[in-house]
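Right, one structure below, let's go through it.
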């Protein structure tokens, strides 16, 4: 999954900016995200759907650091062209973030079965007097699909790379 | 809740474009939404967080047709300045929409208690051979907050307008 | 350009919701757009990049009513798979829209040459005491590209459909 | 402009995550940005309006590193509550970014007069065989407005902090 694809985009992504991708500590990936104008709404706080964008960034960068690249999957390097798609989410919006805040997106895998990945994610306030306050808590089910939208089992190479980040059984 | 506020924005919104706000049939609000470039992602289908934007449009337009305007709440016409905020969601993404599709956002209230509104929403494919197919199914809890983010009980005027759309008890 | 493609998405888009696509009056397309939470930012007004989304909706629906469908182009019905891409924009943001407002997106073609469409677009406040006020004024250059990003001349079938909407020469 | 406001959000933003804010080298601010699902569209490349979000992040972080915080301005620490708003843009979209790419947003001030800041911005591909390729080139005019949308002269404290980053006269 590490050779360059024909348009060079995988290679472009693969060899730069790993410092942008957050960090994996044990089995938890942590990605800091700044709140910009684009993330807020007229009520003065972050628009609820913006947190889903942040959580997708966290999942993507966890996969990236685990060696699973969207470009490689889409280019068919594991067989047919594949992409991840969110299948289900349970979300609790507990407290709001605001402009200029920095939040930490914390991502853990909770399961890996057939076509499904399950993850637990939190968005936590970073810094300031309320540092560590959980803003959003989520359970997410992700599936692997073809570009026509059909579910597929996780490619073995992907499964193998991700299995290392599952919590210990029991 | 119907007088113009000082910057005229409520009046601007109040007296135009009600045909844009979908329609309430019985206790179900239905809003058609077109899929544009902005709603899709590179995998060829609608980005999962886009559906949350569509569902927010549905809730806003249901409230609008029920006589509850964001501008009036934010201008403090029911007391202190208020806004709605999503508190919790459960989402199932069952099938994807694609560019040029038209989807119908269907919204029903399921409960009204204290500071909380609960709603059931569906995004359904409109038209074509798969018309009626449910793409996304959601349960949504919305709360009323001050502009500082504190929860407030629903203003009586709002509660009264919305109570008419609750399903019959039992 | 009107036959169904294999996944049915063109047909789904083609035969529903034309009332959502605004209207062409003479050579001007007009599309009403409601301002929702998603379009605003914490400063209380519409986020500047949201207007680009509205203008893209206007261009897409003008093309749709002129018989040019994104799904058909992407499915390769005019030859190889094609998509539109914005090549240049000049934008003046003259006054802001706010939550609950309705704005009218007005789109006119100003030129058609080789791979390029040029358009003039305005976003105008609809309704209220300030109805007709121009909020955003833009000149837009759009090109046709392959899915690999290479520019292509407008397919003759597309050129023919759009030529009718060019302003009279001189 | 560095004291905490009452809700703590300025302090939260001010004392964390400066490593997220890019870097000023001479008079040029550089911010790396990763391309995620949310930034792309079905044509396989980054949606044109996404670059405006990236450029706003660059401007915000340049201001942040220069000591000008949105939260402080909005909290009225320089007098009445203020915010920045884009007044005009000229944009050339020269080449596309794709999923997983890292781009560099480069921002320079070109002028400072009355209520207006003018800036020159570029989005450049970072890494890979095409590193350094300019994807988007823009001239941007930003004004300072009250929360009611009226233009204001730059507060002296802001002007002073930014003047250091103007190119040498001549």
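The values are calculated or read from the model by the stated rules, or taken from the named source; none is laboratory data. Nothing here was measured: the structure is a model prediction, and the numbers come from that model. In this analysis, Cβ positions are derived from the backbone assuming ideal geometry, glycine residues included, and neighbour counts consider all displayed protein chains.
Here are the numbers for this structure:
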read-out: Filter result (surrounded by fewer than 19 Cβ atoms within 10 Å (Cβ to Cβ) and in contact with a strand residue (DSSP E or B) (Cβ under 9 Å, 6 or more places away or on another chain)) within segment C:125-140; value: C:131, C:132, C:133, C:134, C:137, C:139
read-out: Test: residue in segment D:74-82 that is on the phi < 0 side of the Ramachandran plot, buried (at least 16 other Cβ atoms within 10 Å of the Cβ) and part of a strand (DSSP E or B); value: yes
read-out: Selection status of residue A:98, in contact with a helix residue (DSSP H, G or I) (Cβ under 9 Å, 6 or more places away or on another chain), more than 20 Å from residue D:36 (Cα to Cα) and buried (at least 20 other Cβ atoms within 10 Å of the Cβ); value: yes
read-out: Filtered residue count, segment A:111-161, keeping only those that are part of a helix (DSSP H, G or I) and in contact with a helix residue (DSSP H, G or I) (Cβ under 8 Å, 6 or more places away or on another chain); value: 1
read-out: Residue check for residue C:90: under 18 Å from residue D:49 (Cα atoms), more than 11 Å from every other protein chain (Cβ to nearest Cβ) and touching a strand residue (DSSP E or B) at 6+ places or on another chain (Cβ under 9 Å); value: no
read-out: Any hit, segment B:58-67, residues being out of contact with any helix residue (DSSP H, G or I) (no Cβ under 6 Å at 6 or more places or on another chain) and part of a strand (DSSP E or B); value: no
read-out: Any hit, segment C:19-33, residues being under 27 Å from residue D:142 (Cβ atoms), modelled with pLDDT of 95 or more, within 12 Å of chain B (Cβ to nearest Cβ) and touching a strand residue (DSSP E or B) at 6+ places or on another chain (Cβ under 6 Å); value: yes
read-out: Criterion: out of contact with any strand residue (DSSP E or B) (no Cβ under 9 Å at 6 or more places or on another chain) and more than 9 Å from chain B (Cβ to nearest Cβ) - qualifying residue of C:67, C:58, C:79, C:111; value: C:67
read-out: Segment B:96-108, residues that are assigned to a loop (DSSP other than H, G, I, E, B) and away from every other protein chain (no Cβ under 11 Å); value: none
read-out: Among residues of segment A:125-145, those that are closer than 29 Å to residue A:45 by Cβ and away from chain D (no Cβ under 12 Å), counted; value: 7
read-out: Filter result for the condition that a residue is within 14 Å of chain D (Cβ to nearest Cβ) and modelled with pLDDT under 95, over A:148, A:160; value: A:148
read-out: Residues of segment D:35-64 classified as under 16 Å from the mean Cα position of the chain (by Cα) and within 21 Å of residue A:101 (Cβ to Cβ), total; value: 12
read-out: Residue D:85 vs. criteria at pLDDT 90 or above and more than 30 Å from residue D:130 (Cα to Cα); value: yes
read-out: Meets criteria (modelled with pLDDT of 95 or more, within 25 Å of residue C:84 (Cβ to Cβ) and in a helix (DSSP H, G or I)) for residue B:38; value: yes
